[in-house]
1. Select one label from [x] -0.31, -0.41, -0.88, -1.50; [y] -0.32, -0.41, -0.88, -1.35; [z] -0.31, -0.39, -0.80, -1.24: the one whose number is log10 I(q)/I(0) by the Debye sum over Cα atoms at q = 0.07, 0.08, 0.12, 0.16 Å⁻¹ as derived from the coordinates shown.
2. Search the structure for amide H atoms under 5 Å from the amide H of Ser198, placed 1.01 Å from N in the peptide plane, and list their residues when 5 or more places away or on another chain.
3. Let me know the whole percent of all Cα-Cα pairs from segment 169-225 that are separated by more than 16 Å.
4. Please list log₁₀ I(q)/I(0) at q = 0.13, 0.22 Å⁻¹ for segment 44-178, using the Debye equation with identical point scatterers on the alpha-carbon positions.
5. Taking one equal scatterer on every alpha-carbon of segment 117-161, how large is log10 of I(q)/I(0) by Debye at q = 0.17, 0.19 1/Å?
6. What number comes out for the charge environment of Gly231, summing +1 per Lys or Arg and -1 per Asp or Glu over other residues with Cβ under 13 Å away?
7. Mind pulling the per residue volume of the convex hull built on the Cα atoms of segment 179-303? Å³ is fine.
8. So if I place +1 on the C-beta of Lys and Arg and -1 on the C-beta of Asp and Glu, and nothing else carries charge, what would the dipole magnitude of segment 172-243 be about its Cα centre? I want it in debye, nearest 20.
Amino acid sequence: MSTSRRLATLALLGVMFATALAAPSARAQASLGGQRAGTSSGTFLRIGIGARATGLGESFVAVANDPSAIYWNPAGLASLQRREIAFSHVDWPADIQYEHVTIVQPSQRLGGSVAFQIGLLSTDIAETTELQPFGTGRTFTYSDFLVGGAYARRWTDKLLVGAGLKYIYEDLGKDVGGTTTSAFLFDVGSIYYLGLGSVRIATSLTNFGSELKPSGEWVSPYTGETRNYDGYDPPLMFRYGVAFEPIENAKSRLTYALEVNQPADNQRLLKMGLEWMYMRQFAVRSGYNFQADALKFSAGAGFLAEVGQKRMNLDYAYTDGGPLGAVNRLSLGVRF
């Protein structure tokens, strides 16, 4: 066994030991962050993009080597060497659908990769009033929309950096007297290879920006009282983690990922994931979120195929939502 392989194996054992120690400690910590739950707007930004990433239990900040990196860690876009497009579909609880498209274009002229994304979440909701709590017979559409871009480059042979800007818009039922919110948000991230086998560490800060404040004023239909809406911060998220391949040869590749999330409006989350790929054509994945009340366990699979000069991949992920029901995700990617 080579020295680098020994070091990578030791790193794997160290990380797994740290996981065993950190999980109960994180569960036992004072839930200070939990006291801030419900204080953010634009929370659709918490819905993970890409079936591969969510199949890994969303422990993807240090993996981030496909187009969904624009969501998890924009630095990972620098690892893509060919043009790629990825479609992601999410069946969220309460009949909510989320569709997302990412296009990545490497550019020698710019010295890195440029990416663009569009996302749309929508659902139909039955209108109710105080006098008609079981519905008025009308429905209205609730929707969230985002559009944005990102740029990433390989700063050195070991360091990848990336940043992104996105515009989000929320329709809070304007068809029935609701309002809308919008904001520009920033993402930034980095991935650093330690030089110990494939071990890399990564960090990302996403959804940084100004508060989302509904436009207009609220007028009581009964008293005529007028009030201004309060604004709420976006769901800021800081991620950091480690990933590496303890097994990597011509037939098999095993990826291990460990990640810590620190949202601005909730307690810290510890996540772990594993992916095993065989012959670069078939992959199985599993992940676990140690602190989540629901959506703890995830699993998935993926298939890859070469069609002429194109490579296509189809990925599926299942997340156990407990009382919320299963969350299913499907992704399709094409590399040109």
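1. [x]
2. Under 5 Å from the amide H of Ser198 lie the amide H atoms of Glu245, each far enough along the sequence or on another chain.
3. On the way: 1041 of 1596 pairs.
When all Cα pairs of segment 169-225 are counted, 65 percent exceed 16 Å.
4. -0.61, -1.25
5. -0.67, -0.74
6. -3
7. Details: hull volume 20.0 nm³, N = 125.
Enclosed volume per residue, from the Cα hull, is 160 Å³.
8. Magnitude of the dipole: close to 360 debye.
Bear in mind that the values in this text are calculations on the coordinates, not laboratory data. All values reported here derive from a predicted model rather than from experimental measurement. Positions of Cβ are generated from backbone atoms using ideal geometry, with glycine treated the same way; all protein chains shown enter the neighbour counts.
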